[in-house]
Amino acid sequence: MDNKFVVSAAPHLHDRTSVSFVMWQVVIALIPAMIAAVYFFGFHALLLTLYGGVAAMAVEALIQKCRKKPITIMDGSAFLTGMLVAFNLDAGVPWWLTVIGAVFAIAIGKHAFGGLGMNPMNPALLGRAFVLASWPTLVTSGWMHTLKGSINGIKVTDIPIDSLATISPKAYTLLTSATPLNVAKSMRDTTFVQSMTTNASQNTQLHDLIHNALISSQNIQHLFWGNIGGCLGEVSAFALLLGALWLIYNHIIEWRIPVSYILTVFVLGFLMDGMSVSSAMFQVLAGGVILGAFYMATDPVTSPMTKTGRIIFGIGCGVVTIFIRYKGGYPEGVCYSILLMNLLVPLIDKYTIPRAFGEVKK
């Protein structure tokens, strides 16, 4: 017979999925959140995103040229990284901060380890961590008001106390300049609460009123639809979930990491704050949990390969996030939770890879 068996290396099954296809699909999935950011913060939000994306593509092209490697900036990976850097920053930050974050993400977070597919940690989150460590005041203060409401969703007029600014300037300043997570952390700080006024009973009353306003059904709706301040990518949970459904539908991501992450945050938020469902929903919708769970923790390069490992990874991200929020120095813990769990991925993979069929344990 003339027929020959051809033996080749795996994989033997191919489809049209490629790096370029996956990356641009994620960019498309983030478009609803981008539209929401422009709607609530104005055109400046779009400019910041473009600054981050273009800067990331430019530095990647420069590095690849210097390394005499093929220039692959059109595969979407660099643009997506720059976009996510911008999404992790406030709409009010100066444009150059986004550019520096994107440059660091590509140059150090990605190419210092060899390029696409070799980075041990999420490059966009490394870029965000770098600018936070270098310019903490710019990143964590001066939050931009939405065009439709307040920074934290709470209007000062919603607090039924006459002359709040006179009674407690600290509480008034907090409600007019802080994000929801900053307000929540301040309300858990006994020292801060005691310093709001000179009257102990008034402090208790103010604490309860602010806390209840923060987790009220009205404010939960603000968090879900996006009428709150914060980072560009945190502005609308609804818009982020629309994009996440698109990614799941196209089999770009799977459910284990985001579901285990979000459920862990919900359960721990419920347990840590008086068995309150409203508090648990607040912990899920406030800050970057939705963005992190669906768009950054699911990065195939820096997340576990095994199904069991992905669940462990998501639970770990949720535990670290809540621990930082309740016990750490920062009001938000998503960025550092994912970066820390990225470092544990090799260990998680080692102990969750299933035994090969027929393998005998020695």
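THR352 falls short of the stated requirement of being under 25 Å from MET34 (Cβ atoms) and of a type in the set (Ser, Thr, Tyr).
Exactly one residue out of MET121, MET83, MET74 is out of contact with any Pro (no Cβ under 7 Å at 6 or more places or on another chain), touching a residue at least 12 places away in the same chain (Cβ under 8 Å) and outside any helix (DSSP H, G or I), and it is MET121.
Across the range 94-125, the qualifying residues are those that are out of contact with any helix residue (DSSP H, G or I) (no Cβ under 6 Å at 6 or more places or on another chain) and open to solvent by less than 40 Å² (accessible area, probe 1.4 Å), and the one among them that is farthest from HIS145 (Cα to Cα) is GLY114. Highlighted here are the helices (runs of 4 or more DSSP H) found entirely within the range 169-230 that include at least 1 residues which are touching a residue at least 60 places away in the same chain (Cβ under 8 Å) and open to solvent by 20 Å² or more (accessible area, probe 1.4 Å): 180-188, 217-225.
Suppose we filter LEU48, LEU80 for residues that are under 18 Å from ARG128 (Cα atoms), touching a Ser or Thr at 6+ places or on another chain (Cβ under 9 Å) and open to solvent by less than 50 Å² (accessible area, probe 1.4 Å); which single one remains? So that I can check it myself, show each step before the final result.
Values: LEU80 fails: touching a Ser or Thr at 6+ places or on another chain (Cβ under 9 Å).
Criteria check complete, one pass: LEU48.
Remark: pairs (first residue in the range 271-285, closer than 11 Å to ILE322 by Cβ; second residue assigned to a loop (DSSP other than H, G, I, E, B) and charged (D, E, K, R); Cβ separation under 8 Å; 6+ apart in sequence or on different chains) = ALA280/ASP273; GLN283/ASP273. Residue under question is GLY53, and the condition is that it be crowded, with 22+ Cβ neighbours inside 10 Å, of a type outside the set (Lys, Arg) and under 19 Å from LEU30 (Cα atoms); does it hold? Taking the combined requirement at face value, the residue satisfies it. Within the option set THR264, THR197, THR190, being of a type in the set (Val, Ile, Thr) and in the same structural domain as TYR295 (by TED's automatic domain parsing) holds for one residue only, THR264. Where helices (runs of 4 or more DSSP H) fall wholly inside the range 255-347, the ranges with 3 or more residues that are in contact with a Ser or Thr (Cβ under 7 Å, 6 or more places away or on another chain) are 256-272, 307-327, 334-343. The listed residues are ALA112, ALA102, and the only one of them that is in a helix (DSSP H, G or I) and closer than 27 Å to PHE40 by Cβ turns out to be ALA102. The numbered conditions (1) surrounded by 17 or more Cβ atoms within 10 Å (Cβ to Cβ); (2) more than 25 Å from PRO32 (Cα to Cα) are all true for TYR330 except (1). Checking each residue of the range 243-250 against the condition of being modelled with pLDDT under 95, in a loop (DSSP other than H, G, I, E, B) and more than 18 Å from the chain's Cα centre (by Cα) gives at least one match. Among the numbered conditions (1) open to solvent by 20 Å² or more (accessible area, probe 1.4 Å); (2) over 21 Å from PHE43 (Cα atoms); (3) not in a helix (DSSP H, G or I), the only one that ILE154 does not meet is (1). In this structure, ILE35 qualifies as part of a helix (DSSP H, G or I), modelled with pLDDT of 90 or more, of a type outside the set (S, T, N, Q) and open to solvent by 90 Å² or more (accessible area, probe 1.4 Å).
The values are calculated or read from the model by the stated rules, or taken from the named source; none is laboratory data. This structure is a prediction, so every number in the text was calculated from the model and none was measured. Glycine gets a Cβ as well: all are built from the backbone with ideal geometry, and neighbour counts include every protein chain shown. For the accessible areas, the whole protein counts, side chains as well, though only heavy atoms, and no ligand, DNA or RNA atoms are used. Shrake-Rupley method; radii C 1.70, N 1.55, O 1.52, S 1.80 Å.
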